[in-house]
Amino acid sequence: MNSTPLPLPFQATLDSFLRSLVAKNRTPATLTGYRSDLRSFLAWLCDNTACGQPQDVTRAYVTEYLAERGQAGVCGLSRARNLAVIKEYFRFLVESGMLAGSPTDGITPPKREKRGRNYLSQEAYTRLLQLAAGTPRDYAILQVFLQTGVRVSELATLSVDDVDLERGLVRVTGKGLADRDIPLNKKAIAALRLWRAARPPSEHRVLFTNRFGAPLGVRGIQKLVVRYRGAAGIERRITPHSLRHTFATQKARLGVSAFQLRDYLGHANLATTQLYVHLGQEEARRVMEETSL
């Protein structure tokens, strides 16, 4: 994060804006992202313009900032996110009566490059599971990802009490602190039973811990996936989100409806889920073609 000290008016409005996000139950990850994006923008203003307060910011400064990021190689998707955050910040200032109007009005978001969703073939994720089979914790983590499609932040915060193996359910706290229950299949239940039996004593209620009984955390889970990817000889970049995409794509390919997938994945917008249905249909057509008689 840029260490440039911000003038008090900028810092005060940034703090107020972030408090408003807390009041809206935005997740810690969202708060971190907004803080980072806005602080980078405000620090750039301090370093490159004479702006000392939000009233001094012009539309030209915002577009120049986005242009410089583009020249530095930042992709259109990231710059579109930067602009969305900046817009929300100034919208907050206008709605709070601190500004008469927003300098971001009329700015068109940068074009977002199309990106394919990265998911694993059955052969690839089977290799991951085989490699982890001798380690109850790692095997359970991979099975929960592949059988429920949870986000890495959701898996990292699962508690022992969130898992009901008798009923075959896991309660997940998603974005906006919204809870959803996801059914567990036999493979996930068996993997979690093994881990519960092997889990070291811990003062923490979090489900997945390290060997010292401390929470494993998002970073630890990310490193775990990367390690197994390397051991499995998978050359392309694989992250916990790739396992979420794998779950969704495979379920869509097998005929699970967009409405059901939306409930599993915790999407607020059905259009987001519909992308997986399209991917599943494309995969089904490819398989049909490759196995033609």
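The values are calculated or read from the model by the stated rules, or taken from the named source; none is laboratory data. A quick note: this is a predicted structure, and the numbers were derived from the prediction, not measured. Glycine also receives a Cβ, built like all others from the backbone with ideal geometry; neighbour counts cover every protein chain displayed.
Key figures for this structure:
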{"item": "Condition broken by Ala60, with the remaining ones in (1) surrounded by fewer than 18 Cβ atoms within 10 Å (Cβ to Cβ); (2) modelled with pLDDT of 85 or more; (3) not in a helix (DSSP H, G or I) satisfied", "result": "(3)"}
{"item": "Those residues of segment 13-40 which are part of a helix (DSSP H, G or I), of a type outside the set (Val, Ile, Thr) and touching a Leu at 6+ places or on another chain (Cβ under 9 Å), in sequence order", "result": "Leu14, Ser16, Phe17, Leu18, Leu21, Leu31, Tyr34, Arg35, Leu38, Arg39"}
{"item": "Residues of segment 177-195 classified as of a type outside the set (Asp, Glu) and in contact with a Lys or Arg (Cβ under 7 Å, 6 or more places away or on another chain), total", "result": "1"}
{"item": "Top-ranked residue of segment 246-271 - restricted to ones that are of a type in the set (Phe, Trp, Tyr) and within 16 Å of Val152 (Cα to Cα), ranked as surrounded by the most Cβ atoms within 10 Å (Cβ to Cβ)", "result": "Phe247"}
{"item": "Residue check for Ile238: assigned to a loop (DSSP other than H, G, I, E, B), touching a residue at least 60 places away in the same chain (Cβ under 8 Å) and surrounded by 14 or more Cβ atoms within 10 Å (Cβ to Cβ)", "result": "yes"}
{"item": "So Gln260, is it in contact (Cβ under 8 Å) with a residue 12 or more places away in the chain, within 21 Å of Arg151 (Cβ to Cβ) and of a type in the set (S, T, N, Q)", "result": "no"}
{"item": "Selection within segment 154-177 - surrounded by fewer than 17 Cβ atoms within 10 Å (Cβ to Cβ) and in a helix (DSSP H, G or I)", "result": "Val160, Asp161, Lys175, Gly176, Leu177"}
{"item": "Cβ pairs under 6 Å, 6+ apart, first in segment 39-52 and among the small types (Gly, Ala, Ser), second not in a helix (DSSP H, G or I)", "result": "Ser40/Asn2; Ala43/Asn2; Ala43/Thr4; Gly52/Pro7"}
{"item": "Options Ala258, Ala178, Ala214, Ala191: the member that is farther than 28 Å from Thr30 by Cα and in the same structural domain as Arg137 (by TED's automatic domain parsing)", "result": "Ala191"}
{"item": "Selection status of Ala197, exposed (fewer than 14 other Cβ atoms within 10 Å of the Cβ), in the same structural domain as Arg262 (by TED's automatic domain parsing), under 30 Å from Thr32 (Cβ atoms) and touching a residue at least 24 places away in the same chain (Cβ under 8 Å)", "result": "no"}
{"item": "Number of the condition not met by Arg211 [criteria: (1) surrounded by 15 or more Cβ atoms within 10 Å (Cβ to Cβ); (2) within 21 Å of Arg227 (Cα to Cα)]", "result": "(1)"}
{"item": "Options Leu243, Leu224; residue that is touching a Leu at 6+ places or on another chain (Cβ under 6 Å), under 19 Å from Ala156 (Cα atoms) and either modelled with pLDDT of 85 or more or part of a loop (DSSP other than H, G, I, E, B) (or both)", "result": "Leu243"}
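Yes/no per residue for (1) surrounded by 18 or more Cβ atoms within 10 Å (Cβ to Cβ); (2) under 27 Å from the mean Cα position of the chain (by Cα); (3) among the charged types (D, E, K, R):
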site: Ala23; (1), (2), (3): no, yes, no
site: Thr32; (1), (2), (3): no, yes, no
site: Leu38; (1), (2), (3): yes, yes, no
site: Cys51; (1), (2), (3): yes, no, no
